[in-house]
1. Based on this model, can you work out whether Ile14 counts as among the β-branched types (Val, Ile, Thr) and within 23 Å of the chain's Cα centre (by Cα)?
2. Residue check: is Lys33 closer than 30 Å to Glu63 by Cβ, under 12 Å from the mean Cα position of the chain (by Cα) and either modelled with pLDDT of 90 or more or surrounded by 10 or more Cβ atoms within 10 Å (Cβ to Cβ) (or both)?
3. Return yes when Lys3 is assigned to a loop (DSSP other than H, G, I, E, B) and exposed (fewer than 10 other Cβ atoms within 10 Å of the Cβ) and no when it is not.
Amino acid sequence: MFKINNNLKIFLLILTALLVLFFTKGKYGEFSKSKSIQSCMIAQKKILKDKSIEEIKVFCEEEINKNIK
C-alpha cells in the first residue's frame, strides 16, 4: 500500500467536510426558510387579526426572501 503524508490527510478531510457542508446547505436551508415563514405567519396572525392567512403568507414570504438576499 502507499503511504499518505499527514498534510494530504488533513487536506482531504477538509475538502470532504466542505463538500458535505455544500450539499447539505441546500436541503436544510430550504427547511429553515420554511420554518421562518411559518413562524412569521403565526406572529403576524396574532398581531393582525383582521387580515387573511393568504395575505399574511404573501407578506411573510416577501419579507423572508428580502432578508435572505
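The values are calculated or read from the model by the stated rules, or taken from the named source; none is laboratory data. Keep in mind that what you see is a predicted model, and the values were worked out from it rather than measured. With ideal geometry, Cβ positions are generated from the backbone for all residues, glycine too; neighbour counts draw on all protein chains shown.
1. Values: among the β-branched types (Val, Ile, Thr): yes; within 23 Å of the chain's Cα centre (by Cα): yes.
Yes.
2. Working: closer than 30 Å to Glu63 by Cβ: yes; under 12 Å from the mean Cα position of the chain (by Cα): yes; either modelled with pLDDT of 90 or more or surrounded by 10 or more Cβ atoms within 10 Å (Cβ to Cβ) (or both): yes.
In short, yes.
3. Numbers: assigned to a loop (DSSP other than H, G, I, E, B): yes; exposed (fewer than 10 other Cβ atoms within 10 Å of the Cβ): yes.
Here the answer is yes, as Lys3 does meet what is asked.
Every residue, every condition in (1) surrounded by 10 or more Cβ atoms within 10 Å (Cβ to Cβ); (2) in a helix (DSSP H, G or I); (3) of a type outside the set (Val, Ile, Thr), yes or no:
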position	(1), (2), (3)
Lys9	yes, yes, yes
Leu19	yes, yes, yes
Thr24	yes, yes, no
Cys40	yes, yes, yes
Asp50	no, no, yes
Phe59	yes, yes, yes
Glu62	yes, yes, yes
